[in-house]
Each structure stands twice: as C-alpha cells, then as structure tokens.
Amino acid sequence: MSSANGGDPVILATAGYDHRIRFWQAHSGICHRTVQHPDSQVNALDITPDKQLIAAAGYQHIRMYDINSSSPNALINYEGVQKNVTAVGFHEEGKWMFTGGEDHTAKIWDLRTRQLQCQRIFQVKAPVNCVTLHPNQGELYVGDQSGSIHCWDLKTDVNEHLIPEQEAPITSVSIDPMGTMMAAVNNKGMCYLWTMTANRPGGPSKLHPKRKFQAHSRYVLKCLFSPDSTLLATTSADGTCRIWRTADLTLCTELKDKAQRWVWDCAFSGDSQYIITASSDNNARLWSVNTGEIKREYSGHEKAIVCLAFRDEVVS
C-alpha cells in the first residue's frame, strides 16, 4: 500500500460527518493517515480495482485521492453535480466509475483521463439511494427513494424496474459475486431476495422472487453478500449488523455493541471470515463472523462514520 503503511496490501478507509477520511492499519487499529474532506460530509467511498485511488462521494462533488501519497489534496475534484452523491463504484478493470445521487440520476464516468467525463446518464423519478454493478460488468441496479429498483442493461440501454413495496425507499441493493442472487432492503426493515439467471439477449438478467423477510425492526441501511456467497449481512438503525445464511436465511450471527447506535455500512474480508462495520458512535469495528466477537476497534472520528472501503485481496 503506501509507505506510511509499510507496503500492507490491506486498505481500510472510513469517513462520514466529520469531513475527514481516515486510513487504518486493519490489523492494529492504528490510523496512519487522515485526509481533510472540506465543505461536505462523505456519503460513500470506494477503492479503484488497482488500489491506487479512493473515490469519496459528497454533497455536490466527487473527489478522488491518491492512496499511495501523503498529499492532503484530491487528485481529481469534480464539482459539477447537483445535491448529494449517494453511491460510487468501479468497473472491474477500472475503465469507468458509476455514481448515483439525489439529483434522480445514475451516471457513468470515463476514467481514462484525469478529467472526469460523464459518459452516460440514467434518469429516474426519485432520488437515488444506491447503485450496484452486476458481476458481469454489464448491468447497473439502481435503488431509489420511491421504492423502485431499476435494472439498466448497459449494452442495450434497455431498462426494467420493479417495486418490492410501494413507497418504501430502497436503501441498498447487493448482488452476490457469482451473479446468482440479488438482495434489497428498505426503510421498513424488510429484506427481499431474488435468484438471477443470466441476461437475456436485449435485456438485463431475469429476476425470480425467492423470499422476503423482516431482517430488522427498524430502517435497514445496507445489505451485502459475502465473497463466498454463503452469507448476507444487513445493517440497521436498530444498532445491529445481522448475518444471514443465504441457503435458508437463518440468522448466523448478530453483531451488537451497546455503544453502536445506527450501523451504516459494512464490508467482508476476502475469506468471508470477518466483517467491518461503520456506525454512528464514531467507530468502526472488525468482527469475527462466526463468533460475533469484536477483534478490533477503529477510533478517531469525531462524528458518525457512515461509509467505509475495505480491500484485502492482493492485486497482481
């Protein structure tokens, strides 16, 4: 990674309402770099596939910082966005970035130059809360405030949409790494699961409803499949992260700490044995998936942590 991190291939970054991005040594809990993120909270973070840059989505802008530098300044600073940017992610080869925002759009940005160029815009009728890229790299799934999930086939530009529950905002969508399952959660604590079959000629993958269940009693903020596709994590305003077995949707572990308050975001380790959570008590935590035990705490933020980015695989 960076010289400050002694070549550690593991990158962990957290951000939120204190206008700072913190980089941590995941194994020790030590913060080795803090980047000021002026003018705005950070709503979402993601790391480029080559682990060179981190993108921070904020209010009316997207900023990209060099992970391997000690420079406090953003390498790329794009200000031409209306309202909050709520989601950010990357094509697996780093060719383009996708974002979603309160301006009712999902966008694709060309990353081949250092000037962010918006290539394509997908317009919906409500603020966008989340955007997820299918592992086939050809379909974007967009969840919005009206309760719709839009399936956008990038090759054909065909889009379809479904509404799991009327007027229940979709807060997060996740597709498992094999592209066989999709999960979505809403502000009423519900989780919806579909099986997916490969995309048809001229349209996105076919979705088959599998199950819906009450994952939490309150607002669900995030859902995420594990890298091995056997687990589904859900985080909530109820102060917990729950981990469900995808085979039968039984509860595997509940991750709970009395200080935690809202749990906003999570990320699994590459081996699916550990999970990191970000919460309103200004802390991130590393947990054992099997035992529910806290292995490490990351303390230093002065306000709520609402997003994190974690990569522990080796990039060749």
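Structure notes:
- Residue-normalised accessible area of the chain, given per residue in Å² at a 1.4 Å probe: 41 Å²
- In a fully extended conformation the segment linking LYS95 and GLN36 would gain 18.5 nm over its present Cα-Cα distance, using 0.36 nm per residue.
- Value of D in µm² per second that Stokes-Einstein yields for the chain, Kirkwood Rh from Cα pairs, at 25 °C (0.890 mPa s): 127 µm²/s
- Within a Gaussian network of the chain (alpha carbon springs, distance under 10 Å), most fluctuating of LEU231, LEU140, LEU75: LEU75
- Take the Cα of SER217, step 7 Å toward its Cβ, do the same at TYR59, and the gap between the two points is 3.3 nm.
- Paramagnetic reach from ASN136 (point 7 Å along Cα→Cβ, amide N under 18 Å) across region 162-189: 162, 174-183
- Cα→Cβ-extended label distance, 7 Å offset, between THR113 and SER28, nm: 4.2 nm
- Two-site label geometry, ASP248 and LYS83: point separation in nm, points 7 Å out along Cα→Cβ: 4.3 nm
- The chain - percent of accessible surface contributed by carbon and sulfur, probe 1.4 Å: 47 percent
- Within the listed set GLY80, GLY16, GLY29, the residue fluctuating most in the Gaussian network model of the chain (springs between alpha-carbon atoms under 10 angstrom) is GLY80.
- Annotation: lysines with alpha-carbon distance below 16 angstrom to LYS83 (same-chain offsets under eight excluded): LYS107, LYS125.
- Number of Lys pairs (Cα under 24 Å; 8 or more positions apart or on different chains) in region 187-316: 18
The values are calculated or read from the model by the stated rules, or taken from the named source; none is laboratory data. A quick note: this is a predicted structure, and the numbers were derived from the prediction, not measured. Glycine gets a Cβ as well: all are built from the backbone with ideal geometry, and neighbour counts include every protein chain shown. Note: areas computed on protein heavy atoms with side chains; ligands, DNA, RNA excluded. Shrake-Rupley method; radii C 1.70, N 1.55, O 1.52, S 1.80 Å.
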